[in-house]
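What follows is calculated from the coordinates using simple rules that are stated; it is not laboratory data. It should be emphasised that the depicted structure is a prediction, and the values quoted were computed from it without experimental measurement. Positions of Cβ are backbone-derived with ideal geometry, glycine not excepted, and every protein chain shown enters the neighbour counts.
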Amino acid sequence: MFHLTPQEKSAVGVFLAVCLLGTIIHFGLNRNARPMRWVNTAGQKPKIYPPNINTATEGQFDRVPGIGPKTARNIVEYRGKHGPFLALEELRKVKGITPKNFQKIRQYYREEAP
């Protein structure tokens, strides 16, 4: 079939070894990776279920657009220190939620009595 010199055989062997190693590393690093937040497939809208502000976990808050992991943690910590939210407006007191951001994300929350 192919007639390769010893140097060419060596180069092909090194190339294949590097490809195999790269594949192993790629799958090892991405095995438990979270999907990227900003990637949405065309034509599909992410399903958002508005979390109850007094019972939602960090993970539930984190799924709402405009709320990241740090702000989600801050909401849960604030609720733990100060008790349940009596009104949706109290979310403004949480570190990381600005008035502009609050207006953006308030549509995803439902307010219920504690």
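Taking a ≥ b ≥ c as the square roots of the eigenvalues of the Cα gyration tensor of region 58-108, is the shape rounded (a/c under 1.5), prolate (a/b larger than b/c) or oblate?
Working: a/c = 1.63, a/b = 1.15, b/c = 1.41.
Oblate shape, in that a/c is at least 1.5 and b/c is the bigger or equal ratio.
Could you give the nm distance between label points at residue 7 and residue 95, where each point is 7 Å from its Cα heading toward the beta carbon?
Simple spin-label model gives 6.3 nm for this pair.
Using θ = phi - 60° and the Karplus relation 6.51 cos²θ - 1.76 cosθ + 1.60, list the HN-Hα couplings for region 76-82 in order, rounded to whole Hz, with x at every Gly or Pro.
3J(HN,Hα) across region 76-82, in whole Hz: 5, 5, 4, 4, x, 7, 10.
At 7 Å along Cα-to-Cβ for each site, give me the label-to-label distance between residue 81 and residue 19 in nm.
5.6
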